[in-house]
Each structure stands twice: as structure tokens, then as C-alpha cells.
Amino acid sequence: MKSLFLRIFLSFWMAQALIIVLAILVALAFRPRSSTWEALRTTVLNDAISAYEEGGEAKLRQYMENLEKTQHVRAYLFNEKGEEVSHRGAPDWAMRVAAGGPRMPHEGFMFPTPPVPRDSRASSDGLHRYTVVVGLPPGPRVFFGPRGMPVPGLIIAVISSGLVCYLLSWYLTKPVVRLRAATRRLAAGDLSARSGAPTSRRHDEVAGLMRDFDAMAERLESLVKAQSRLLNDISHELRSPLARLNVALGLARQRSGEQSAEMLERIELEASRLNELIGRILTLARLEDGQQKVPPTPVPLDELVLNVAEDAEFEAQQRNCHVRCTIPEGDWDVRGNASLLHSAIENVVRNAIRYTREGTGAEIELQRIDGPSGPEARVRVTDCGPGVPEGALEKLFQPFYRLDDARGRLTGGVGLGLSITERAVRFHGGRVAASNRAEGGLMLEICIPLIPGSKEKAGKLEPEPAVREA
């Protein structure tokens, strides 16, 4: 049983049912025995006749009223004509029993009225015959049936206790459900997620936990935004001296001789890498800011993937590699920023070109799949490289993470490409995942929601899709 709500609900309900059963058992254990009622009936009959013969109607009425006050027993004395001799106004059930009718009165709600004892005897002079009808106090006799607890009463009790337990369980677990939903949103990157803690209505431990969570989330949001602003400001400040460095480098080329050319080229290369790093940091800062919205502009994803593949093919030729791109015919429009999507896909493809074995290649395949909220386009990029250790697959999308520092320096990577890809894809409502291929190499999949209404063309349903090689 994994649901906290169900556990609390069933626990409370079983406790309520146990209390009802124990109450019935205790009442049954302490109920008067039938012999007690028989003795009481005989005693009341004799005392009532004696009181009537000694003091008449007034003394009989006094005795009956005192009996009802002290023992909660209502008794009525009838003569042979069916008249109640104390003239206290006998109820219908008493008159019916005195006349020889059934001794079972109407049933009570939970504990029905017990059977009515009746007895009769002659007067002391033998001229009259009196009948006494005793109304005993209500109390339980058996659990079910016509002489015990009625089934409708038990059903109402169970349903009422179940309703109370349901409302109590809902009241206790509703904040936990809201807190869990806010935690999931925060873990997914939504820094504005809040549990919505009650301000004044609740002051228990759960409400305190919700308020602490909201305070923590607010603090995290402020820290992340401050870090993003810091990265953004530092990157912008670095752009100015870098631009002056490029100007000074150009002047140095004009005034220096051939003996300084190699050193100047090295300086230009490092300045270019620094400029690229600053650009990537700025891009990452904008994506982490969380204030940008996905533009509604349609972007033809198939054309974008083909352009990336053509550019990557030129770079792959330097390592005697190739890029194979498979794009089925159809409408592949997505909503978003074309520049960000281009950068996201390009980072993955260039990463595959860098690490695939020399003489092999990278494959790009565009597919249409059913996503959680509708049709999606999946860009699958595979290479023939060494792959990635299983424990490092989730870390590939962390900023500045590199498997091997030496290899990163050799390829010029700083560990920002895949992190930018992950954030750019998430910015467009998609997701990205990495896995190792069984035959060797790494496979990365980018899934982005398609514009609703985009359909495949007629040629798309053929077993072999159209192939466009870059």
C-alpha cells in the first residue's frame, strides 16, 4: 500500500469500526440478564397492587412515578376492563400489550427497545384481576436481527464514520500532495514552483514544512538568478578587453615580421577560443535565467538538421570521416528559436564528429514519435567512438563537465556544448537523453514537440524513408 492517503483513511476507518464493535461488546457484557427482568416484573406487579389497595389511585401514581425516576422503568397497571387504574395516560404499545398483543415495540436506532414484560394476578380479595405492563429501558441484546441492532443503523454508522475518516485523511494528505507536486516542478528546473502554504488557517507541522519549502525555493531562485546575472555581467565585461586584444593583434601583424607570425597565430587561436567560451557562457546564462519565452515562430526542423549535417560533413573530412543524414519527407515544423535549436543540434553533431573513430562516421536520423503531449520530432545522433561510462551518462549535460581533461584540451572543448543543448531543448519543451550503443559508440536523442496539425506526406508511410545524405 503506497498511498499515504489510503493508509490514513483505512487506519481511521478501522479504528472507528473497532470502537463501535467494542462499545457493543461492552454493552452486551453489562446488560441485565433475563432473570433480572422477570424478578422486576413480579416485584412491580405485587408492589403496584399493594399500593393501589392501600392508598388508591394517588398512591399508585406516586409509586409508578418514583419507579420511573429511580430505575427508568415505565410501568402501567390495567384492570380486567383494560383501563389504566392510575389514569396516567398509557401509550398505545402498553395498551396493546395489556390486551394480549405482541410484546415487541418499535425498534430503536442503534439499541432497540427490549421486549415488554407483562404479568397479571388477582387482587387480595379475589374480586378483580390486574395486569402490569413494564416498559424496560432500551439496551442492546444481540448484534443483528429483529431483536438486536438493525442493519440500516449499522450501515449508516459505518458510512458516516467512513465519510468522516475520508475528510480527515484528505485534510491531512492534501498539503503533502501539493508539496510533492511543487518539489517535482522545482527538480525539473522551475524555480518559481511553490507549495502555496496556508498563511493563517493552519499552523501544524505540515503547514510549517510547506512554508519552509517555499522559503527554500525562494532562496534558491534568488541565488540562481544572482549567479546567472553574475555570469552574464562578467561575460559582457570580458568582451570589451577581448575586442581590444583582437585590434591590437591586427596591428601587431602589420608591424611584425615572419618570425613572429607563428606566435601571433597562436594568440589569435586562443583569443578565438576565449571569444567562443564567452559566447557559450552568455548563451547558458540566458537559458538559465528562466524569464525568456518560447517564440511562436515556426522553425522547419528538417532544413535545420540538414544544414547542420552539411556543415559537419566539411569538418568531418579533416578526419577522413563522413556524416549520413536520414530525413523522411513530411512537415517537421516546431515552434521556437531557430538559432538556439541550431546550436543545440550542432553541439551534439560536432561532439559525435570529434569522438568517432577515424575513417568512420556519424549518423543523423529524424523520426516522428508519439510524445507525452502529442507528436514529437526525434533527432537521433550516433557515432562509432569509445562511448561513455554508464555512470557518466547523466553528467554529460552538466556545465563544464568533461570525461578527460587531457582529451578536452586536445579537442578544444570546455564542457559547455551538451549543457547548452540540454537547456535549449528543455527551453523548447523537449528533452534530451544519452545512451551507449550495443555495437559501440554513443547515441544522443533530442525530442521536441511538433506544431499540432503537422502531418506526414504521402511518401512518408513507405517502409524505407527518403534519405538525404550530407
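The values are calculated or read from the model by the stated rules, or taken from the named source; none is laboratory data. This is a predicted model, so every value here is computed, not measured. As a convention, Cβ positions derive from the backbone with ideal geometry for all residues, glycine included, and neighbour counts pool all protein chains shown. What goes into the accessible areas is simple: the full protein's heavy atoms, side chains included, and nothing from ligands, DNA or RNA. Shrake-Rupley method; radii C 1.70, N 1.55, O 1.52, S 1.80 Å.
Using the Stokes-Einstein relation with a Kirkwood hydrodynamic radius computed over Cα pairs, the translational diffusion coefficient of region 300-397 at 25 °C and a viscosity of 0.890 mPa s comes to 171 µm²/s.
Based on protein heavy atoms only, region 310-395 ends up with 47 Å² per residue of surface accessible to a 1.4 Å probe.
Taking each residue as 0.36 nm, the span from residue 192 to residue 155 lengthens on full extension beyond its C-alpha to C-alpha distance by 8.5 nm. Among residues other than residue 298 with Cβ under 13 Å from its Cβ, the summed charge is -3 (Lys and Arg +1, Asp and Glu -1).
Each eigenvalue of the Cα gyration tensor of region 226-289, multiplied by 5 and square-rooted, gives one semi-axis; in descending order these are 31, 11, 6 Å.
Full extension of the segment from residue 99 to residue 203, taken as 0.36 nm per residue of separation minus the current Cα-Cα distance, would add 30.9 nm.
Of the peptides 254-262, 48-56, the order by per-residue mean of other Cβ atoms within 10 Å, starting with the highest, comes out as 48-56, 254-262.
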